[in-house]
1. Take the residues in the stretch 18-43 that are under 32 Å from the mean Cα position of the chain (by Cα) and over 22 Å from Phe164 (Cα atoms), then tell me which one is surrounded by the fewest Cβ atoms within 10 Å (Cβ to Cβ).
2. Please specify each residue of the stretch 91-142 satisfying the condition of being of a type in the set (Ser, Thr, Tyr), more than 14 Å from the chain's Cα centre (by Cα) and either crowded, with 21+ Cβ neighbours inside 10 Å or within 18 Å of Leu383 (Cα to Cα) (or both).
3. Cβ contacts < 6 Å: first residue touching a residue at least 60 places away in the same chain (Cβ under 8 Å) and closer than 21 Å to Pro305 by Cα, restricted to the stretch 249-273; second residue of a type outside the set (Ser, Thr, Tyr) and part of a strand (DSSP E or B), any location; separation 6+ or different chain. Result?
4. Scan (1) within 21 Å of the chain's Cα centre (by Cα); (2) modelled with pLDDT of 95 or more for the single condition Val76 breaks and write down its number.
5. Determine whether Leu235 is part of a loop (DSSP other than H, G, I, E, B) and either within 19 Å of the chain's Cα centre (by Cα) or closer than 27 Å to Lys283 by Cβ (or both).
6. Testing Phe164 on (1) under 17 Å from the mean Cα position of the chain (by Cα); (2) part of a helix (DSSP H, G or I), one condition comes back false. Which one is that?
7. Does Asn210 satisfy the criteria of being assigned by TED's automatic domain parsing to the domain that holds Ile301 and either outside any helix (DSSP H, G or I) or surrounded by 21 or more Cβ atoms within 10 Å (Cβ to Cβ) (or both)?
8. Can you name the number of the only condition in (1) in a loop (DSSP other than H, G, I, E, B); (2) under 24 Å from the mean Cα position of the chain (by Cα); (3) not hydroxyl-bearing (Ser, Thr, Tyr) that Leu224 fails?
Amino acid sequence: MDASLPTVLLKAGAAERVIAGHPWIYAGSILRLTAPAADGALVQVKDHRQRFLGVGFYNAKSKIQVRVLAAERVEVNAAFFTERIRAALAVRQRHLPGATSFRVVNAESDFLSGLIVDKYGPDLVLQISSLGMEQRKEMIVEALQGIFSPRAVVERSEASFRKFEGMTENNGVLRGALEGPAQIELNGLKFEIDLLGGHKTGLYLDQQQNYQKVAELMRGGQVLDCFTFVGGFALHCARAGAAHVHGIDQSEEAVAAAERQAQANGLAGLCSFEAANVFDWLKARTAVKPHERVVPQFDFIILDPPSFTRTRSSVDDALRGYKEIHLRALKLLKPGGTLATFCCSHHVDAGLFQAVIMEAAFDARRVLRRVAIFSQSPDHPVLPAAPETEYLKGFAFEVAR
């Protein structure tokens with residue numbers, strides 16, 4: 001590779017996190033550029049003593065001004081992407097053997113910052129959130145076609161991810177063709193996925209293993225699945241032996257999809273779904289007159305809400321929201337019942353999340369016994385050197401008394 005690339009020199013003390021494996025270099029860490037660099041161009045990174053640290057994509061418009069790709073000099077071409085994607089795929093094949101739908105590339109976790117690729121059966125969905133990746137989209141698609149020979153390659157690059165890099169939304173079919181929703185299997189259950197218009201890239205693949213783990217904890221009885229989306233937890237619990245599962249989600253479209261999935265899997269008789277605001281639903285069922293008590297109705301409750309905060313400044317508001325739903329859910333849980341609960345807010349770590357649950361338990365006059373700890377599925381790898389790669393955490397608690 002050409003060693004005459006524009007050089008980004010870092011300030012003293014800014015190199016350590018790069019050497020440790022964090023790919024993001026913020027504007028405040030940069031001392032200067034040795035030559036002008038176009039946005040999206042490949043640059044080399046050196047510390048303040050001119051020692052080579054790696055190469056990455058530069059973008060002056062972004063707070064993350066350099067996204068490091070490699071600690072060595074590499075040529076970023078279709079062959080580079082093929083090698084990186086094959087390496088990422090090998091991790092999935094090792095840790096999720098037999099899975100036909102999974103995240104192939106998880107951006108920073110797979111040393112391809114700004115790129116996500118999800119596999120849904122024969123189709124691929126990619127999401128690009130960095131300018132450097134956007135400018136090399138054709139190389140990426142070429143690499144994906146060579147590895148997977150997919151039926152279709154779909155782009156779902158939402159504006160919220162791209163505005164920080166000075167890019168606009170970009171959605172559509174890049175290669176091949178889609179005819180209606182995609183039909184996939186997850187843990188042996190059938191799911192219908194709208195790859196072009198559905199939420200995120202189609203499904204919450206990061207819960208793939210947790211769907212099964214939660215269902216294994218269930219001992220029949222009445223199950224409440226809050227924020228059910230398209231019924232991921234609900235269907236797994238119904239298959240595992242629940243007497244009945246009631247799923248709630250604010251999206252009427254998601255609820256309709258969950259009902260179709262239940263029908264397709266022969267579980268419609270065990271499931272019911274309702275379009276409602278979960279907070280309002282829980283509040284209505286735990287509202288009592290003075291000197292009355294809430295009558296618990298459920299043996300098993302699942303809380304899997306969307307992120308309550310995307311910024312550090314709104315963490316306090318998010319914690320109030322988490323406490324509220326846990327307090328009301330615990331009031332509806334029978335003695336000896338189990339609560340499985342998740343948080344996908346990166347700014348709320350596992351310790352803080354558990355502390356809020358304990359506060360809710362105290363107010364509900366419940367003592368909890370922790371019986372399981374959950375994380376994101378292994379197709380969403382965690383790099384401790386890049387804390388941003390770890391966002392999903394969860395627990396299961398039994399009501400001890």
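The values are calculated or read from the model by the stated rules, or taken from the named source; none is laboratory data. Just so you know, these numbers come straight off a predicted model, no measurement behind them. All Cβ positions, even for glycine, are placed from backbone atoms using ideal geometry, and neighbour counts span all protein chains on display.
1. Selected residue: Ala20.
2. Just the residues of the stretch 91-142 that are of a type in the set (Ser, Thr, Tyr), to begin with: 100-101, 109, 113, 120, 129-130.
Add one more test, that the residue is more than 14 Å from the chain's Cα centre (by Cα), and what stays is 100-101, 113, 120, 129-130.
Those that are of a type in the set (Ser, Thr, Tyr), more than 14 Å from the chain's Cα centre (by Cα) and either crowded, with 21+ Cβ neighbours inside 10 Å or within 18 Å of Leu383 (Cα to Cα) (or both): Ser101, Ser113, Tyr120, Ser129, Ser130.
3. Gln261/Phe191
4. Checking Val76 against (1) within 21 Å of the chain's Cα centre (by Cα); (2) modelled with pLDDT of 95 or more, the one that fails is (1).
5. no
6. That leaves (1) as the condition not met.
7. yes
8. Of everything listed in (1) in a loop (DSSP other than H, G, I, E, B); (2) under 24 Å from the mean Cα position of the chain (by Cα); (3) not hydroxyl-bearing (Ser, Thr, Tyr), Leu224 misses just condition (1).
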